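Before any comments, here is the structure.
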Amino acid sequence: MVRGLMEARATKLRMRKCRVAVLISGRGSNLRALLKAAQADDFSATIDLVVSERDSDGCVFARDAGIETRVIDDKINFETKLHEWLSSRSIELVCLAGFMPILSPSFVGVWRARILNIHPSLLPKLRGLDTHKRALAEGHKEHGCSVHIVTEKIDEGEVLEQARLTIKAGDSHEDLAARVLKLEHKIYPQALDKYARKIALY
Ligand code: GAR
């Protein structure tokens, strides 16, 4: 009897999915990769909300997919509204997917360990912008992308997943961007699935 109850509870825990919001700024190809992965029955998260910095291709895609989508209309005070949207939809985890505004330390503090980001470099190398151009200019031999937990410091925080590639002679920054993006689409769903599985147990 007790064992049966424990098994039922374990099954329920296994099946509970973590509620996720994805924050984007534009194209939204990582958002699309996450949405695709989330269609699998055994994926540990559902994408329940998309918030975009502006009306964008990513927004159109999310709306067409039937996901509630919000556009930030007040760039200065957007975090107050964002927090309201996330809380009122019982969001447990936030995925930054090409979301370019910097989140304030106080917002990150409230959502501590609940915000993930995909960054186009092998962190801790190449924090910040223009990573593909900088990888070439600095003569790096390899490059890639990282999924990490967001902290108050930009592009720091525990790295959860990385994928790397070798930079070939003659690669342009556009070549690198395209090859790294393919890797991003692989590792972001993987990292989310693993991380959300842990959150769903709490
Ligand atoms: C991605 O390459 C992502 O790694 C990068 O923006 C792009 C968004 O593409 N993010 C950053 O540079 C964050 N510092 P997407 O809109 O097609 O997902």
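Numbers at a glance
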read-out: E158 open to solvent by 40 Å² or more (accessible area, probe 1.4 Å) and in contact (Cβ under 8 Å) with a residue 24 or more places away in the chain; value: no
read-out: Candidate set: the range 27-53, residues that are surrounded by 19 or more Cβ atoms within 10 Å (Cβ to Cβ) and in a loop (DSSP other than H, G, I, E, B); chosen: the one nearest to the ligand (Cβ to nearest atom); value: G28
read-out: Selected residue (only one of R63, R70, R164, R114 is in contact (Cβ under 8 Å) with a residue 40 or more places away in the chain, open to solvent by 50 Å² or more (accessible area, probe 1.4 Å), touching a strand residue (DSSP E or B) at 6+ places or on another chain (Cβ under 7 Å) and closer than 18 Å to A21 by Cα); value: R114
read-out: Residue in the range 76-87 that is among the acidic types (D, E) and under 19 Å from I149 (Cβ atoms) present; value: yes
read-out: Qualifying position, being closer than 25 Å to R197 by Cβ and in contact (Cβ under 8 Å) with a residue 40 or more places away in the chain, among L93, L35, L123; value: L93
read-out: In the range 1-26, the residues that are assigned to a loop (DSSP other than H, G, I, E, B) and either modelled with pLDDT of 95 or more or under 19 Å from Q190 (Cβ atoms) (or both); value: K17, S25
read-out: Residue under evaluation F61, criteria (1) more than 26 Å from R179 (Cα to Cα); (2) within 15 Å of the ligand (Cβ to nearest atom); (3) in contact with a Gly (Cβ under 9 Å, 6 or more places away or on another chain); (4) of a type outside the set (V, I, T), criterion not met; value: (1)
read-out: Entirely in the range 72-180, the strands (runs of 3 or more DSSP E) that have 2 or more residues that are out of contact with any Cys (no Cβ under 9 Å at 6 or more places or on another chain) and within 16 Å of the ligand (Cβ to nearest atom); value: 93-96, 142-149, 159-166
read-out: Enumeration of residues in the range 184-202 that are within 14 Å of the ligand (Cβ to nearest atom) and open to solvent by 40 Å² or more (accessible area, probe 1.4 Å); value: H185, K186
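The values are calculated or read from the model by the stated rules, or taken from the named source; none is laboratory data. This one's a predicted model, so the numbers in the text were calculated from it and none came from an experiment. No Cβ is skipped: glycine too gets one built from the backbone with ideal geometry, and neighbour counts run over all protein chains shown. Keep in mind that these areas ignore ligands, DNA and RNA; they rest on the heavy atoms of the full protein, side chains included. Shrake-Rupley method; radii C 1.70, N 1.55, O 1.52, S 1.80 Å.
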